[in-house]
Amino acid sequence: MNKEKTGMSEVAEAIGAPVHFTARILQGLSRKRVISSSKGPHGGFYIENSAKVYLIDIIRAIEGDGLFNACILGLKNCSDTKPCPVHDEIKTVRTQLLLEFNKKSLRDLVSDYQQNKYVLK
């Protein structure tokens, strides 16, 4: 298990995001135990085991479950028994996203990226 630590500024620079925004995201992920962090001169953020962290873990830590169960039109009473006009179509898409996010680990993403399966802009 490689616990290579990366500082907040380094992450922010790598993704092209403001440091304060990146700090909030990383600290939130750390609080939810998706990633780990350590303080001090050799501190930083790291992942204990990238094979055990899935995309769904990150999405839920940042966004909660709203992406998967809140009405896309913002209606409070939308449900399977009282659906909004796009409920059934969105439910199908959400189910597929949930399946995909549950089976793709960070290790898988890194491996795919290293094999040039994806191009980051």
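The values are calculated or read from the model by the stated rules, or taken from the named source; none is laboratory data. On a predicted model such as this, the values are computed, not experimentally measured, just so you know. Here Cβ is always computed from backbone atoms with ideal geometry, including for glycine, and neighbour counts include all displayed protein chains. Each accessible area value is taken on the protein alone, full model and side chains, heavy atoms only, with ligands, DNA and RNA left out. Shrake-Rupley method; radii C 1.70, N 1.55, O 1.52, S 1.80 Å.
Of the helices (runs of 4 or more DSSP H) entirely within segment 57-121, those holding at least 1 residues that are modelled with pLDDT of 90 or more and of a type outside the set (V, I, T) occupy 87-103, 106-114. Can you find a residue in segment 51-58 that is over 26 Å from A23 (Cβ atoms) and in contact (Cβ under 8 Å) with a residue 40 or more places away in the chain? Yes, segment 51-58 has at least one match.
Scanning segment 59-73 for residues that are buried (at least 16 other Cβ atoms within 10 Å of the Cβ), under 8 Å from the mean Cα position of the chain (by Cα) and free of Cβ contacts under 8 Å to residues at least 40 places away in the same chain gives R60, A61.
For segment 70-91, a residue qualifies if it is of a type in the set (V, I, T) and out of contact with any helix residue (DSSP H, G or I) (no Cβ under 9 Å at 6 or more places or on another chain), and the qualifying residues are T81, V86, I90.
The single condition from (1) over 25 Å from A23 (Cα atoms); (2) open to solvent by 40 Å² or more (accessible area, probe 1.4 Å); (3) acidic (D, E) that D112 fails is (2). Taken over segment 63-121, the criterion of being β-branched (V, I, T) and under 21 Å from I25 (Cβ atoms) is satisfied by V110 alone. Collect the residues in segment 3-48 that are in contact (Cβ under 8 Å) with a residue 40 or more places away in the chain and either of a type in the set (A, V, I, L, M, F, W, C) or not in a strand (DSSP E or B) (or both), keeping them in residue-number order. Result: K3, E4, K5, F45, I47, E48. Criterion applied to F45, F21 was being open to solvent by 50 Å² or more (accessible area, probe 1.4 Å) and either among the hydrophobic types (A, V, I, L, M, F, W, C) or under 14 Å from the mean Cα position of the chain (by Cα) (or both), and the one residue passing it is F21. Filtering segment 71-121 to residues that are under 25 Å from K52 (Cα atoms) and β-branched (V, I, T) leaves V93, T95, V110, V119.
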